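Chemist: Handing you a structure now.
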Amino acid sequence: MAMTGEALWVLRHADHLYIAGKWVASSGASRIDVTDSTSEEVFVSVAEAQKADIARAVGAARTAFDDAPWPRLPHVRRADYLRDMADAIRRHADDYALVWPREAGVLQSHAKQFTFAAASIFDQYAAFAETFPFEERLSPQMGGFGLQVQEPVGVVGAIIPWNAPLLTAAWKLAAGLLAGCTVVLKSSPEAPGAGYLLAEIADEISLPDGVLNVVTADREVSELLVTDPRVDKIAFTGSTAAGRRIASLIGGRLGRYTLELGGKSAAVVLDDADIAAAAQVLAGAECMISGQVCSSLTRIIVDRRRHDELLEAVAAVFHQVTVGDPFDSATQMGPLVTERQRARVEGYIAMGKAQGATLAAGGGRPPGLDRGYFVEPTVFGNVENSSTIAQEEIFGPVLSVIPAENDEHAIRLANDSAYGLNGSVFTADLGRARAVAGEIRTGLLGHNTWRADFDVPFGGFKQSGVGREGGVEGLRPYLETKTIILEGPPEDYS
């Protein structure tokens, strides 16, 4: 089926895969239908990669790493390609912003913001070519001339999700390509547009053949990336359940991996917090991508004396949210990605009601929106931290307000979770904020805000993942450390 609408540039090769620098047909005839989350209609069908296609893509990446110049280029030369990619992403931001809202329901305005953020990631890693210590002198105790060298890990299998595909791909590609790795990018069946955009850009900037290969596949076929011994590292963003599966598979062959997984992040609201401001931040952030964000602050832990005030304030904000068409500038929250995801969210809302939480706003489908995967922004109060809606990742616009007796109790509740991805503390006291931040076991923590920084290390404690993406820490997993000890310095060393 041909794509409807104007965004032909991004998906003009929807019936092909991108392997070894060429648009090639899949080895099979099956296609993946991508549904518009607002209309519930198929708006494009893309080629579905088969087992042979994954093997072909891995082979192309392996050849580009083992037998081609890419990993041997100076870092500053690879950085030039990263800057070219950044510029191209910015040029085509409007094109991509026509596709992603259809795929996942994200507001068009947010789609543009995320696109420019992805471009900035490529620029940031390009700058590391001049500043990162890829080679350092050592002074071995037993003598000789020592070097510590950072070399590319090899072929990377990058597996990205549907909720923020361009951003998560940028973290992986920018770091991996600067390091000298070659990549097979596996797109989500629900949102393949970002992969096609990046493949088109690779063509546009003449990225060497095989350095970036892009396929779309289901989970069973995608696992071949994980088990193929020619793939040196897996970089995955997605659910904790899928992350566990990947870790178990790649662990059998001692492959490298980084996993950015789920979250059930806590916002700790202390007794001196500005409740109205906190409510605006927390409710507003939850409307981002309709709550389909791993770093969402979905557990709001508040001093019991201010519980009702905060619950009413969050509910008041949610009652004013305009839910609807993500292309309408008046819309504040769009639909969920699929019918399956909406059913999942509605199931958790039913559990919250059944387990005795106080429903203060939302809980159903928005009036008048009979088509599309819409759900109202929802907030429960008087939630027990041990309850299902407080412990499991819902991945939708559902907040739980949990009462705490004091600061120490709030910290215990915040840490009483299998996850540790994000967090925040709301207080007027910088000292208290720093003290609480030091006690919450999470990879990122903000003060009086929900953090969405893309240039700093991002990743989680506990079941929220392994490793970091973003910043200098996001580069290190794409490198292997080699120690070289020579009898004396080579001629090109003073």
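Chemist: May I ask you to say which residue of G243, G284 is touching a residue at least 24 places away in the same chain (Cβ under 8 Å), more than 22 Å from P165 (Cβ to Cβ) and assigned to a helix (DSSP H, G or I)?
Modeler: G284
Chemist: Tally up the residues in region 447-465 that are closer than 16 Å to V281 by Cβ and either touching a residue at least 24 places away in the same chain (Cβ under 8 Å) or among the hydroxyl-bearing types (S, T, Y) (or both), please.
Modeler: Residues in region 447-465 being closer than 16 Å to V281 by Cβ and either touching a residue at least 24 places away in the same chain (Cβ under 8 Å) or among the hydroxyl-bearing types (S, T, Y) (or both): 5 in total.
Chemist: Those residues that are hydrophobic (A, V, I, L, M, F, W, C) and surrounded by fewer than 20 Cβ atoms within 10 Å (Cβ to Cβ), I need them from region 101-125; list them, please.
Modeler: Across region 101-125, the qualifying residues are F116, A117.
Chemist: To continue, here is another question. Out of V221, V149, report the one residue that is in contact with a helix residue (DSSP H, G or I) (Cβ under 7 Å, 6 or more places away or on another chain) and β-branched (V, I, T).
Modeler: Matching residue, one of V221, V149: V221.
Chemist: Quick one: G364 ticks every box in (1) surrounded by fewer than 18 Cβ atoms within 10 Å (Cβ to Cβ); (2) assigned to a loop (DSSP other than H, G, I, E, B); (3) in contact (Cβ under 8 Å) with a residue 24 or more places away in the chain except a single one, so which number is it?
Modeler: All conditions are met except number (3).
Chemist: Considering only residues that are in contact (Cβ under 8 Å) with a residue 60 or more places away in the chain and not basic (K, R), which ones fall in region 367-379?
Modeler: G372, Y373, V375, P377, T378, V379 - these are the residues of region 367-379 that are in contact (Cβ under 8 Å) with a residue 60 or more places away in the chain and not basic (K, R).
Chemist: Separate question: In region 99-111, is there at least one residue being at pLDDT 95 or above, farther than 30 Å from Q332 by Cβ, in contact with a helix residue (DSSP H, G or I) (Cβ under 8 Å, 6 or more places away or on another chain) and outside the structural domain of G334 (by TED's automatic domain parsing)?
Modeler: No: region 99-111 contains no residue that is at pLDDT 95 or above, farther than 30 Å from Q332 by Cβ, in contact with a helix residue (DSSP H, G or I) (Cβ under 8 Å, 6 or more places away or on another chain) and outside the structural domain of G334 (by TED's automatic domain parsing).
Chemist: Within region 322-329, does at least one residue satisfy the condition of being within 18 Å of the chain's Cα centre (by Cα) and in a strand (DSSP E or B)?
Modeler: no
Chemist: Return a yes/no flag: does region 4-12 have any residue that is free of Cβ contacts under 8 Å to residues at least 24 places away in the same chain and surrounded by fewer than 24 Cβ atoms within 10 Å (Cβ to Cβ).
Modeler: Yes: one or more hits.
The values are calculated or read from the model by the stated rules, or taken from the named source; none is laboratory data. Bear in mind that the values here come from a model prediction, so they are computed numbers and not experimental data. Every residue, glycine among them, receives a Cβ derived from its backbone with ideal geometry; neighbour counts consider all protein chains shown.
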